[in-house]
Structure formats: C-alpha cells, structure tokens
1. What does the accessible area of residue 234 come to, in Å² to the nearest 10, when a probe of 1.4 Å is used?
2. Taking every pair of distinct Cα atoms and averaging 1/r, then inverting, what Kirkwood hydrodynamic radius in Å comes out for region 36-100?
3. Work out, in µm²/s and without decimals, the Stokes-Einstein translational diffusion coefficient of region 78-202 at 10 °C, 1.306 mPa s, Rh from Kirkwood over C-alpha pairs.
4. How big is region 125-180 by Rg and Dmax over its Cα atoms, in Å?
5. Relative to the compact globular guide of 2.2 N^0.38 Å, what is the alpha carbon radius of gyration of region 185-245, as a ratio?
6. For residue 244, what residues show an amide H to amide H distance below 5 Å, using hydrogens built from the backbone and excluding near sequence neighbours?
7. Could you sort 113, 168 by their accessible area in this structure, using a 1.4 Å probe and putting the largest first?
8. Counting only protein chains, not ligands or nucleic acids, how are 144, 253, 70 ordered by accessible area (probe 1.4 Å), most first?
Amino acid sequence: MLLAQALGVTRTAVVAGTHRHPDAEHYAEFARLVRERERRIPLAYLRGTQEFFGLTFLVGPEVLIPRPETEMLVEFALEKLRAGTLADVGTGSGCILTAVLAGALQARGVGFDLSAGALAVARQNAARNGVAERTRLVRGDLLTGAESQKFEVIVSNPPYIPSAEIADLAPEVRDGEPRLALDGGADGLNCYRRLALQALRALRPGGWLAVEVGRGQAPAVAALWQEAGWGEVSVRSDLAGIDRVVCGRKGET
C-alpha cells in the first residue's frame, strides 16, 4: 500500500506488477513513507484518505480514523431519517454525517465538534462528497449551541476510552489519533452522561438518539438512557458480536 502511494497507482497494480518502474523520486518517497510507518504513524494518515461506507474521506492527525463498526450509526440514521435534520455530535472527519446525507437526499445535517481542525477536515469531506449545501458545521462542546434547533435524529461516536486505559493502546492510536476523540474520562462514560440529557432537549418529539459504545459499556449506557427518561432503549451488536450501538427514542410529548 505504501509503494502504491509513492507511485500514485492502485494497490492492485502493485500486486499484479503492472505499475510503472520506480524512478529515484519514487524510491525516495517510498523510503520516507516506510520511515514514517516505522514510527507507527497510522497508515490512513500516510495515505491521507480512508474508505467508509463506500465513500472516500480525507483524514489527518486532526481527526479519528473512521472504523467499520461506526458504519452502524450511518445505517441507523438512514433507517430512521428520510427528511428533516440530523445532528452528528463529535463529527470529526464528518464521515457519519456525510455518509448519511449522501444516502438521505432530502435530509440536512449539522456536525458539532470542539476541534477547529476537525471541522476544517469535515468541511472538505462534505464538499468532496457532494453534500456541502446540506451541511452545517458548528464548533461546540457536544450539543452546546443547539438549543435553537430541533433534530429528528442525533448520532454520536464520542470519546469512550477510560483515561487510564489510553496508555495501553496501540501506538498508532495512543500517539497518532487525537486524544480529544479518545478520552472518555475515568470510566469512559462522561460524554454519555451529558448527551443523555442534552439530546432530549435537542430532539423533536419521537426523535431518535444512537451512540457508539466501547466493549462492555452498553449496559451502563442503556441504564443512563433509561434513567434520563428515554423510551425504546435497545442495543445493537456489530459483526463481531460486540454490543456496539445504544439507541433510544424521545417520547411523543
């Protein structure tokens, strides 16, 4: 993959041996990429892009690298949203928001993030995937600043790794990806506690909230939802059988 990146060709061309013969400039770029990878720089950052839900997204150190399990939030939103407005809390690269809007052509979306750098990346991704006109990006802490607007669906992949566990993560994640997108506080549940109440205020009656959770966190998050007054609380598992998404519905009144 790094050689394909250096040559500006596909991985398939490299495997098949149909790529151009490298010149000195190609060799130098390939060597640079290998050195960076030796330093455990994430592959997606070296390539500058990551595939997600059939789309290509720009990524860099400002944003979390999109993961396959997060596609469950896109599927949930497309299931519940035909028109109206989606909120993506902690939008990062904008992958969830952009993928939903690419599939729900009558919908609009607002992405919230505390990082100005992440919002700049999300703005580029909305433009390159043709949804910029239906996208609004807001710098804020979770749903702070959303009081004036009501949403049909709210989704979020918030930071959920307990602070003490971050040191044990792979170097690519621990040192490469933004800590703001990883650290969920002492028990990993800080953002869920706040979202449980903020989302109720920001949703229209009958609206839905869905969040990604870490391994083993689903029961605690579902309990937070129920305590806050959410209805139809349920959990969805990913392809590995891990409880990965907790969702709930706001009452009709």
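1. In the full protein context, residue 234 sits at about 50 Å².
2. Working: mean 1/r = 0.0783 Å⁻¹.
By the Kirkwood definition, the hydrodynamic radius is 12.8 Å.
3. Numbers: Rh = 15.0 Å.
Result for D is 106 µm²/s.
4. When restricted to Cα atoms, region 125-180 yields Rg and Dmax of 15.8, 41 Å.
5. Details: Rg = 11.6 Å, N = 61, 2.2 N^0.38 = 10.5 Å.
Expressed relative to 2.2 N^0.38 Å, the Cα Rg reads 1.11.
6. Distant-sequence amide H within range of residue 244: 236, 237, 238.
7. Values: 113 20, 168 130 Å².
Heavy-atom accessible area, descending, gives 168, 113.
8. Working: 144 70, 253 160, 70 5 Å².
Output order, biggest surface exposure first: 253, 144, 70.
The values are calculated or read from the model by the stated rules, or taken from the named source; none is laboratory data. Since the model is a prediction, treat every value here as computed from it, not as a measurement. The accessibility values were calculated without ligands, DNA or RNA, using every heavy atom of the protein model including side chains. Shrake-Rupley method; radii C 1.70, N 1.55, O 1.52, S 1.80 Å.
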